[in-house]
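Heads up, the thing below is written out as structure tokens.
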Amino acid sequence: TPVSSIRGYLETLVTCGDISPERRQMFLDRAYAQVMRLSDLIRDIALITKIEEAPEQLAKEKLNLKSVADEIFEEFRETIEREDMKVENLLPDNLEITGNASLIYAIFRNLVENSVKYAGHGVTLHIECYAKGDGDCHLTYYDTGKGVSEEHLAKIFERFYRISEGRTRDAGGSGLGLSIVRNAIAFHKGDVRAVNRRDGGLEFLFSLSEK
């Protein structure tokens, strides 16, 4: 889809010489936005491929999960403030695991990005570790937003699965974010599931091996 859109915009610019400067700029802006989508898509596909086909190339190191979550929330701070969202990072200061930095970052970033795009205005973004044991830490991440229909819950981790095609077009993204979350968590010997909260919103319950 990004390639087709880019081609269409550029063909218009090349073949129509009487386009006004305003419309020319509009086509350039739209082509640029599609290039960014394509870049995200290539990046995400490359990451999933590496997880599945070359996991031995993914180095591990000591990581502080609270610091990673804080970094993600800071990255989205402008949007969070604009949408009047509240952040609750209840991860303990000393919560550490041995994992791959890029994948752990991708887990947290894609979960937060999913909420920022779809949860709605004025919601709360919440993360905490609710249990530890047998070398695993068990975490919950949720927003207090719209949630999704029950029939979608089992499929949202599939590649390119679209809950609402129109909404996805408006928000952008590669359609691989939650698939990356599932694969990255599996790399760390954990599992993940999504549920609708009783009080509203979408919740992700997942585990990560500490070693």
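The values are calculated or read from the model by the stated rules, or taken from the named source; none is laboratory data. These numbers come from a predicted model, not from an experiment. In this analysis, Cβ positions are derived from the backbone assuming ideal geometry, glycine residues included, and neighbour counts consider all displayed protein chains. Areas reflect the complete protein model, heavy atoms only, side chains present, ligands, DNA and RNA absent. Shrake-Rupley method; radii C 1.70, N 1.55, O 1.52, S 1.80 Å.
Miscellaneous remarks
- Sites ALA33 and HIS152, calculated FRET efficiency, Cβ-Cβ separation with R0 30 Å, nearest 0.05: 0.70
- Its Cα gyration tensor gives segment 73-134 an equivalent ellipsoid; the semi-axes, largest first and in whole Å, are 24, 14, 10.
- Gyration tensor verdict on segment 48-164 (Cα atoms; rounded if a/c is under 1.5, prolate if a/b is larger than b/c, oblate otherwise): oblate
- Note, ³J(HN,Hα) from phi for segment 81-86, Karplus 6.51, -1.76, 1.60, rounded to Hz, x at Gly and Pro: 5, 5, 8, 6, 8, 10
- Rule-of-thumb Rg ratio for segment 18-117 [Cα; 2.2 N^0.38 Å; N residues]: 1.45
- Sulfur and carbon atoms: percent of accessible area, the chain [1.4 Å]: 48 percent
- Each Cα pair under 8 Å and six or more residues apart adds its separation to the average, and for segment 55-211 the resulting relative contact order is 24 percent.
- Calculated from the alpha-carbon coordinates, the chain shows an Rg and a Dmax of 19.2, 69 Å respectively.
- Cα convex hull of segment 1-63, projected area averaged across orientations, nm²: 6.5 nm²
- Heavy-atom surface of the chain, accessible at 1.4 Å and reported per residue (Å²): 55 Å²
- Pairs from LYS86/LYS132; LYS50/LYS117; LYS146/LYS211; LYS66/LYS117; LYS50/LYS211; LYS155/LYS189 whose Cα-Cα separation, in the structure shown, is over 30 Å: LYS146/LYS211
- Taking each residue as 0.36 nm, the span from LEU205 to THR79 lengthens on full extension beyond its C-alpha to C-alpha distance by 42.9 nm.
- A 1.4 Å probe, protein heavy atoms only, puts the accessible area of ASP70 near 70 Å².
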